[in-house]
Amino acid sequence: MNRKRVNNVILIFIDDVRAGHLFELIENGKAPNIAKLAREGISCQNCVTSYPSITFPSYSNLITGSYSGYYPKEGSGIPEYHYLTRTDPPSEGSRYPKIINCGAGSLYKLNKQLGPNCKTIFEQVEDENHFSSCNIVSRGSKLISPSPYTTEVILNNVAKAFNHPSEFDFSKPPIVTVAYVPYTDHLMHLKGFDHEDYINELLKCDVGIGNIIKTLKETGYYDSTAIGILSDHGNYKAKQLYNLEPYFNEIGLMQYNPKKGTGDFDAVLGSVGFFNFRGIDWHHHSTIDEMKKYKLSMAGKKDLNLIDTIWKIPGVKYMYYRDDDNTPDKGTIHLKYRDEKDIIHEARIEFEGHGKNQKTSYIYDDLDIYGYENNEQSASLLDGKPHDINEWLEGTNHVDFPMIIDQIPRYLKNPRSCDIMVSTLGEYSFGFEHGETKPSSRYSHDICLRKSMIVPFIIGGTLDIPSKELSYCKTTDMVPSLLDLLGEKPHDSVVGKSVI
Ligand SMILES: [Zn+2]
């Protein structure tokens with residue numbers, strides 16, 4: 001049993017914050033309350049999130065300390081924010097796989113979609129006294145929605161749970177509190193990371209955190225409480241938007257209809273794209289051969305080579321898909337990279353084991369497609385041998401594509417994940433979903449470059465927390481670190497490790 005250093009933990013999760021941006025505000029004296037927590041406790045300006053760097057799966061990973069994966073055994077069931085509910089073997093529940101879209105007002109369904117074999121931070125602490133002040137993955141806690149729905153109220157409700165717990169029907173302050181601030185993400189997409197409205201929302205978070213610290217001090221809880229601050233992903237501005245609808249219409253690729261089981265594909269594309277195709281039926285994934293000779297549903301259309309078709313999308317630089325013979329425990333992911341001269345280079349990831357025991361090797365033919373060879377530390381992992389997540393983190397936290405070799409298999413092992421994944425690295429963004437181009441912004445997040453992958457990680461509060469700056473860590477380290485401070489052991493599914 002670990003030494004119990006605190007009685008209460010508060011995790012404040014601010015959506016869509018690049019580490020560099022928050023630490024700049026701290027250095028300029030604009031976020032004095034967050035600065036104090038960072039200075040007196042543990043801080044890291046180089047915390048690596050999950051890939052794809054999209055709110056889902058990154059969000060559920062923050063709350064569970066694990067990743068997407070083969071969720072009946074380990075990992076969360078959430079591969080991304082838009083996915084098909086196919087399982088392998090196919091579930092008998094529905095005739096055709098549903099399309100789950102976490103952006104369409106059905107967010108709270110995610111608590112159910114999250115598999116039973118990974119646990120939220122609340123479920124990992126033997127107590128029922130847990131509080132969510134606005135939290136999409138709130139399983140195991142009492143959820144209070146803010147009214148009105150503002151950053152101030154979300155954070156002030158945390159303070160209220162300590163000085164007036166009875167207002168939320170708690171007899172004493174909650175053991176684990178999670179507060180989720182969504183507006184920063186909303187403003188980042190709408191106006192950009194460089195806009196004053198986005199920056200002001202971050203400053204409001206600092207004020208709210210200051211109010212929480214003040215309340216904890218007045219009520220005598222500060223010395224026995226840890227406050228964690230974390231984000232799910234950073235951000236970037238895509239070079240251009242592009243409408244793909246005419247292209248898919250021209251080749252006759254028709255949108256999948258989950259009510260009738262008709263159509264040819266379901267895809268969602270920002271700068272990173274996810275394509276779902278029919279296998280022997282919609283419950284099954286396509287094999288590579290099926291994707292190379294794909295039967296279209298529109299009469300009179302010839303079979304289509306989907307891989308060639310997808311390479312014709314402008315700006316596609318990377319393409320990933322799984323091998324046909326993969327099992328959850330062992331398999332191969334095919335990686336392709338198109339260079340500036342239009343030459344396609346091939347590489348692969350071989351994976352073995354799962355959860356914290358997953359090991360992956362990166363093997364390439366003529367070119368190291370992630371440029372790891374240009375850096376001494378990352379180059380040391382180009383030995384073709386299996387490495388675990390901590391070795392990938394140590395070797396690649398300071399370059400672009402941090403931990404990508406570990407992350408792609410975790411994503412593609414999930415039976416709900418797509419068949420072909422692509423990335424333009426932010427050159428083109430498509431805003432494509434449900435067969436249509438939607439109004440979209442160039443400000444986004446999803447790619448594996450550092451600006452989208454590196455987030456702030458801070459744990460402060462009681463002076464019993466050691467004061468140190470970490471040169472790197474990962475977002476899934478937050479849950480086991482907070483559990484460590486509470487003297488609790490993390491669930492087996494947790495992949496992160498305590499930084500205390
Ligand atoms: Zn987000």
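Numbers at a glance
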{"read-out": "Residue in the range 84-93 that is nearest to PRO415 (Cα to Cα), counting only those that are at pLDDT 75 or above and part of a loop (DSSP other than H, G, I, E, B)", "value": "ARG86"}
{"read-out": "Residues that are over 20 Å from LEU244 (Cα atoms) and part of a helix (DSSP H, G or I), drawn from the range 276-295", "value": "ILE288, ASP289, GLU290, LYS292"}
{"read-out": "Failed condition for ILE26, given (1) of a type in the set (Val, Ile, Thr); (2) away from the ligand (no atom under 16 Å from the Cβ); (3) open to solvent by less than 10 Å² (accessible area, probe 1.4 Å)", "value": "(3)"}
{"read-out": "Check on GLY273, under 29 Å from the mean Cα position of the chain (by Cα) and outside any strand (DSSP E or B)", "value": "no"}
{"read-out": "Test: residue in the range 251-260 that is without any contact (Cβ under 8 Å) to a residue 24 or more places away in the chain and in contact with a His (Cβ under 9 Å, 6 or more places away or on another chain)", "value": "no"}
{"read-out": "Strands (runs of 3 or more DSSP E) wholly inside the range 363-476 that include at least 2 residues being of a type in the set (A, V, I, L, M)", "value": "420-423, 454-461"}
{"read-out": "Close pairs (9 angstrom Cβ cut-off, 6 or more residues apart or separate chains): among the small types (Gly, Ala, Ser) in the range 151-171, open to solvent by 70 Å² or more (accessible area, probe 1.4 Å) and assigned to a helix (DSSP H, G or I) anywhere", "value": "ALA159/LYS214; ALA161/GLU167"}
{"read-out": "Answer residue from the range 215-238, given it is in contact (Cβ under 8 Å) with a residue 24 or more places away in the chain, out of contact with any Gly (no Cβ under 7 Å at 6 or more places or on another chain) and more than 16 Å from the ligand (Cβ to nearest atom) and is nearest to ARG18 (Cα to Cα) among those", "value": "GLY228"}
{"read-out": "Number of the exception - ASN414 against (1) at pLDDT 95 or above; (2) surrounded by 24 or more Cβ atoms within 10 Å (Cβ to Cβ)", "value": "(1)"}
{"read-out": "Residue within the range 244-266 that is under 23 Å from TYR70 (Cβ atoms), under 25 Å from the mean Cα position of the chain (by Cα), at pLDDT 95 or above and open to solvent by less than 50 Å² (accessible area, probe 1.4 Å) present", "value": "yes"}
{"read-out": "Meets criteria (more than 18 Å from the chain's Cα centre (by Cα) and either modelled with pLDDT of 95 or more or in the same structural domain as TYR247 (by TED's automatic domain parsing) (or both)) for GLY426", "value": "no"}
{"read-out": "Qualifying residue in the range 128-143 (condition: farther than 29 Å from ASN235 by Cα and among the aliphatic types (A, V, I, L, M))", "value": "no"}
{"read-out": "Wholly enclosed strands (runs of 3 or more DSSP E) of the range 127-209 bearing at least 2 residues modelled with pLDDT of 95 or more, out of contact with any helix residue (DSSP H, G or I) (no Cβ under 7 Å at 6 or more places or on another chain) and of a type outside the set (Val, Ile, Thr)", "value": "130-133"}
{"read-out": "Residues of the range 467-492 satisfying the condition of being under 21 Å from the mean Cα position of the chain (by Cα), open to solvent by 10 Å² or more (accessible area, probe 1.4 Å) and under 14 Å from PHE122 (Cα atoms)", "value": "PRO490, HIS491"}
{"read-out": "Sole exception among (1) free of Cβ contacts under 8 Å to residues at least 12 places away in the same chain; (2) in contact with a Ser or Thr (Cβ under 9 Å, 6 or more places away or on another chain) for PRO409, by number", "value": "(1)"}
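Condition check ((1) under 26 Å from LYS438 (Cβ atoms); (2) open to solvent by 40 Å² or more (accessible area, probe 1.4 Å)) across all residues:
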| site | (1), (2) |
| --- | --- |
| GLU123 | no, yes |
| VAL137 | yes, no |
| PRO165 | no, no |
| THR184 | yes, no |
| GLU201 | yes, no |
| LYS204 | no, yes |
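The values are calculated or read from the model by the stated rules, or taken from the named source; none is laboratory data. Since we're looking at a predicted model, the values are computed, not measured. Positions of Cβ are generated from backbone atoms using ideal geometry, with glycine treated the same way; all protein chains shown enter the neighbour counts. These area figures cover heavy atoms from the full protein model, side chains too; ligands, DNA and RNA do not enter into them. Shrake-Rupley method; radii C 1.70, N 1.55, O 1.52, S 1.80 Å.
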